[in-house]
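To keep things clear, I will list the structure first and then write my remarks on it.
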Amino acid sequence: MSWNEVPEVSDRQILAALRPLYEPTRERARLAEVVERLREATDAEEIAERDRCGNRMAELDRDICVRSVEALDRIGLWHAAGMIEAALSLPPEVLEQYGSAS
């Protein structure tokens with residue numbers, strides 16, 4: 001198959017490719033709730049918890065993006081996968097200019 005062809009993909013293949021994204025996405029959402037709840041924290045333990053959750057969210061953000069690239073590639077959406085890969089290769093300071101999705 002050439003680079004510009006989009007393959008026929010079954011619903012089963014799409015589901016198999018995308019289903020693994022849901023659990024890390026759910027975990028990230030749970031962590032985002034904690035970070036939001038502790039946004040104004042002043043207690044050292046709460047600040048530490050907020051920071052731990054924020055750091056884990058950052059790890060999950062990257063993991064979800066990498067898994068998305070793999071999933072999109074598996075179902076033949078190479079262009080979309082390539083766009084995410086390009087974004088992942090940007091220096092963090094460039095990405096910070098656009099703010100956080102959370």
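The rows are residues; the columns are (1) over 23 Å from Val9 (Cβ atoms); (2) touching a residue at least 60 places away in the same chain (Cβ under 8 Å); (3) surrounded by 15 or more Cβ atoms within 10 Å (Cβ to Cβ).
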{"residue": "Glu23", "(1), (2), (3)": "no, no, no"}
{"residue": "Glu27", "(1), (2), (3)": "yes, no, yes"}
{"residue": "Leu31", "(1), (2), (3)": "yes, no, yes"}
{"residue": "Glu40", "(1), (2), (3)": "yes, no, no"}
{"residue": "Ile47", "(1), (2), (3)": "yes, no, no"}
{"residue": "Met57", "(1), (2), (3)": "yes, no, yes"}
{"residue": "Ser68", "(1), (2), (3)": "no, no, yes"}
{"residue": "His79", "(1), (2), (3)": "no, no, no"}
{"residue": "Met83", "(1), (2), (3)": "no, no, no"}
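Which of the residues that make up region 85-102 are of a type in the set (Ser, Thr, Tyr) and surrounded by fewer than 11 Cβ atoms within 10 Å (Cβ to Cβ)?
Across region 85-102, the qualifying residues are Ser89, Tyr98.
Does Glu96 satisfy the criteria of being acidic (Asp, Glu) and free of Cβ contacts under 8 Å to residues at least 12 places away in the same chain?
yes
Please note which helices (runs of 4 or more DSSP H) are completely contained in the chain and include at least 3 residues that are under 13 Å from the mean Cα position of the chain (by Cα) and on the phi > 0 side of the Ramachandran plot.
Hits in the chain: none.
None of the figures in this text is laboratory data; all of them are computed from the coordinates on show. These numbers come from a predicted model, not from an experiment. Cβ: placed from backbone, ideal geometry, glycine included. Neighbour counts: every protein chain shown.
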